[in-house]
Amino acid sequence: MKKKNNFYVTTPIYYPNDIPHIGSAYTTIAADILARWNKIQKKEVFFLTGTDEHGKKIELAAQDAKKKPKTFVDNLIPKFKEAWKKLNINYNRFIRTTDADHEQVVQVILSEVHKKGDIYEGYYEGLYCTGCEAYYTEKELLEGCCPVHKTPIEKLKEESYFFRLSKYKENLLNYYDKNPDFISPSNRRFEIINRVNEGLQDLSISRTSFSWGIPLPFDKNHICYVWFDALANYLTGIGYLEHSKEFQKFWPADVHIIGKDILWFHAVIWPAILFSLNLEPPKKIFAHGWWTVEGQKMSKSLKNIINIDKLISIAGVDSARYFLFREVSFGEDGDFSEKILIERHNNELANKLGNLISRVSTLAETYGMEKSTPIKIKPTLKKVNQLFQNLELDKVLNEIFSFIDSCNIYAQEKKPWETKNKKVIYSLCNAIKDIAILLSPFMPETSEKISKVFNFEISIESLNNDLKINKIKKSPILFKKINTIAENVNSKKKEKVNKSPIIDGIMSSIEFKDWEKLDIRVGKIEKVEEIDGADKLYKLSISVGAEKRTICAGLKKYYKKSELEGKKCIVFVNLAPRIMKGVESQGMLLAAVSQDEKKVIIISPEKDIEEGAKIR
Ligand code: MSP
């Protein structure tokens, strides 16, 4: 009997027809985050991932590569395992549908369902997309093509065995009704319920026109439909065959994490098969959204596939893991942009988290610490627990980062670098312990490093207890800032300051695609203020459409305050912020500088262009 304290999470098993990419990484990291969080909660966790190796799609990919299907997949599996290792994925089993125990499980469940009378022989005539390995109805096609791949659909006509899916319509509707969280997020639930209500057709579960698959135990001329084979992996993975202790402990799965495109298979076909086997359905199916890349669908022809090496080369593994779960609401579609990943790495990880760690560890090394009442983490913890329950992973990160913000504000107010107050330093060190533990499912490597500096364990006990007084050494830098394109261009210009401007322009020419990355807008200067101790800088409050920006600009020598107020200007809005004289400057203004540098004139656009307008 499954206990509350056991947690079973799965990813879909991936088609090994190519190396893994950001899409497969997304689901796998999500499952890893949940597995790690539940381990911290002292649950016994089983995390299953793997590959879906049979079927026409793989057979064709192998033919293209002039290899036998098994040799072809054998060559790709290490790429998956390496990728998951690089991403710090800590699974319990990597299942392959060509594993002997899995092939046996598929045959056993086919026999059981057959014995029950839920499989019958017939003739299939209909539409099939090999890219999806799925059957379609005429109504579902887009101009005669597969709605997902937009490729011509195949007309299949063959003898086939059918699974009596239609028999389970009422059981399914009842199950959805009694388990409102079974299909998550809830907006996806209604889609499925509506379609099931429209009626279910029996499912063709065998093929005769090719041979790369598991033979049906009751008719060796047929091989099993790849989805029937694949779904069974969730049973094989925990030892269904021998009705092992593991199986008793972990079934039903707590959550199958999948992409939105394969919800029908998981929320309709899979529970129906389980009903037929007299097994309980999983507790939850969570369907996440899809990633596009810089606004476009990922595809080989567009050469824009983000593979794992590319993903982690931008700002490191933890920044990639963080970005994927901070950038979009878990469940919604997202757009991957290298520029935004770098911005988040610089602004949130390097500036907010990295600075806090570096500042506080330096203070603790210099002045030591003395026990005091810690900053309260309890309210954050309560919310984080609840959000993890609902798989609102983006919101978990929001909560943790609000707490980081409040620690930075606390430090700013208490100024322990001036007061040398050891109690304040202790409070901050203790808060850092809590932050690192809460962040550890998302950024395991970073949390590990923090725990070594501040001397605590990543565990629930550490979270529930105050940090022990200890000697701390300054932390190494956790997140190195990454220069944005515009900053690179600036520094190149500085190096060539003595050259003719035209030659300089040619020498430091940038690619058109780099120029396109700049976000330049029309703004209006609303307020001009002095900055303490700054003789060149003004602090400008600028409205850029609906947004407000603070920008520090070296204009004091050239303009009176009143000359600037109300003036329109051109703003680079997507530069990483910089702290100048203690003020965070969030962009740059465009200005012309005379050759002798005696005059600086702000470039001001025509009056009738509205604020926020984009400059191209
Ligand atoms: N083999 C089946 C799953 C069987 S599970 C019993 C399959 N494999 S897949 O390799 O095509 O896709 C695996 C997962 O990757 C799916 O959940 C799919 O949604 C996800 N993604 C593929 N591309 C994606 C994006 N661009 N973005 C997010 N996830 C995407 O389907």
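The values are calculated or read from the model by the stated rules, or taken from the named source; none is laboratory data. Fair warning: this is a prediction, and the values are worked out from it, not measured in the lab. Every residue, glycine as well, gets a Cβ built from its backbone with ideal geometry; the counts of neighbours run over all protein chains shown. With ligands, DNA and RNA removed, areas are computed over all heavy atoms of the protein, side chains included. Shrake-Rupley method; radii C 1.70, N 1.55, O 1.52, S 1.80 Å.
Show the residue pairs that are 6+ apart or on different chains and have beta-carbon atoms under 6 Å apart, the first residue being within the stretch 174-197 and under 21 Å from Glu392 (Cβ atoms), the second being of a type in the set (Gly, Ala, Ser).
Sorted first by the residue in the stretch 174-197, then by its partner, the pairs are Ile183/Ala267; Pro185/Gly331; Arg188/Ala287; Ile192/Ala267.
Taking Lys473 as the residue in question, decide whether it is exposed (fewer than 15 other Cβ atoms within 10 Å of the Cβ), assigned to a loop (DSSP other than H, G, I, E, B), in contact with a helix residue (DSSP H, G or I) (Cβ under 6 Å, 6 or more places away or on another chain) and not assigned by TED's automatic domain parsing to the domain that holds Ile375.
yes
When the residues of the stretch 257-287 are narrowed to those that are within 11 Å of the ligand (Cβ to nearest atom) and open to solvent by 10 Å² or more (accessible area, probe 1.4 Å), which ends up nearest to Ser111 (Cα to Cα)?
If we take residues in the stretch 257-287 being within 11 Å of the ligand (Cβ to nearest atom) and open to solvent by 10 Å² or more (accessible area, probe 1.4 Å), then Phe265 is nearest to Ser111 (Cα to Cα).
Taking Glu191, is it within 16 Å of the ligand (Cβ to nearest atom), within 33 Å of the chain's Cα centre (by Cα) and open to solvent by 10 Å² or more (accessible area, probe 1.4 Å)?
Working: within 16 Å of the ligand (Cβ to nearest atom): yes; within 33 Å of the chain's Cα centre (by Cα): yes; open to solvent by 10 Å² or more (accessible area, probe 1.4 Å): yes.
Criteria met by Glu191.
Looking only at residues in the stretch 235-246 that are outside any loop (DSSP other than H, G, I, E, B) and modelled with pLDDT of 95 or more, which one is nearest to Ser166 (Cα to Cα)?
Residues of the stretch 235-246 that are outside any loop (DSSP other than H, G, I, E, B), as a first pass: 235-236, 245-246.
Next cut, modelled with pLDDT of 95 or more only: 235-236.
Details: Leu235: 23, Thr236: 26 Å.
Applying the filter and picking the extreme gives Leu235.
Going through the stretch 324-346 one residue at a time, which ones are open to solvent by 40 Å² or more (accessible area, probe 1.4 Å) and not acidic (Asp, Glu)?
Result: Arg326, Ser329, Lys339, Ile340, Arg344.
Name the pairs whose Cβ atoms lie under 7 Å apart, with the first residue in the stretch 276-293 and under 17 Å from Phe228 (Cα atoms), the second open to solvent by 30 Å² or more (accessible area, probe 1.4 Å) and more than 8 Å from the ligand (Cβ to nearest atom), and 6 or more positions between them or separate chains?
Between residues of the stretch 276-293 that are under 17 Å from Phe228 (Cα atoms) and residues that are open to solvent by 30 Å² or more (accessible area, probe 1.4 Å) and more than 8 Å from the ligand (Cβ to nearest atom), the close pairs are Ser276/Lys116; Leu277/Glu112; Pro281/Tyr175.
Between a residue in the stretch 417-437 that is over 17 Å from Ser402 (Cα atoms) and any residue that is of a type in the set (Phe, Trp, Tyr) and open to solvent by 60 Å² or more (accessible area, probe 1.4 Å), which pairs come within a Cβ distance under 9 Å, given they are 6 or more apart or on different chains?
Trp417/Tyr367; Lys420/Tyr367; Asn421/Tyr367; Lys422/Tyr367; Ile425/Tyr367
Restricting to the stretch 131-180, name every residue that is open to solvent by less than 50 Å² (accessible area, probe 1.4 Å), touching a strand residue (DSSP E or B) at 6+ places or on another chain (Cβ under 8 Å) and within 20 Å of Trp270 (Cα to Cα).
Those that are open to solvent by less than 50 Å² (accessible area, probe 1.4 Å), touching a strand residue (DSSP E or B) at 6+ places or on another chain (Cβ under 8 Å) and within 20 Å of Trp270 (Cα to Cα): Ala134, Tyr135, Tyr136, Ser160, Tyr161, Phe162, Phe163, Leu165, Tyr176.
Of the residues that make up the stretch 172-189, is at least one part of a loop (DSSP other than H, G, I, E, B) and of a type in the set (Phe, Trp, Tyr)?
Yes, the stretch 172-189 has at least one match.
Output the qualifying pairs, or none if there are none: Cβ atoms under 7 angstrom, residues six or more apart or on different chains, first residue in the stretch 214-229 and among the polar types (S, T, N, Q), second residue more than 16 Å from the ligand (Cβ to nearest atom).
So the pair list comes out as Asn221/Thr208.
Inside the stretch 592-606, can you point out the residues that are open to solvent by 40 Å² or more (accessible area, probe 1.4 Å) and over 13 Å from Ile525 (Cα atoms)?
Listed by number, the residues that qualify are Ala592, Val593, Gln595, Asp596, Glu597, Lys598, Lys599, Ile601, Glu606.
Only one of (1) closer than 14 Å to Val360 by Cα; (2) of a type in the set (Gly, Ala, Ser); (3) over 25 Å from the mean Cα position of the chain (by Cα) is not met by Ser451, so which one is it?
(3)
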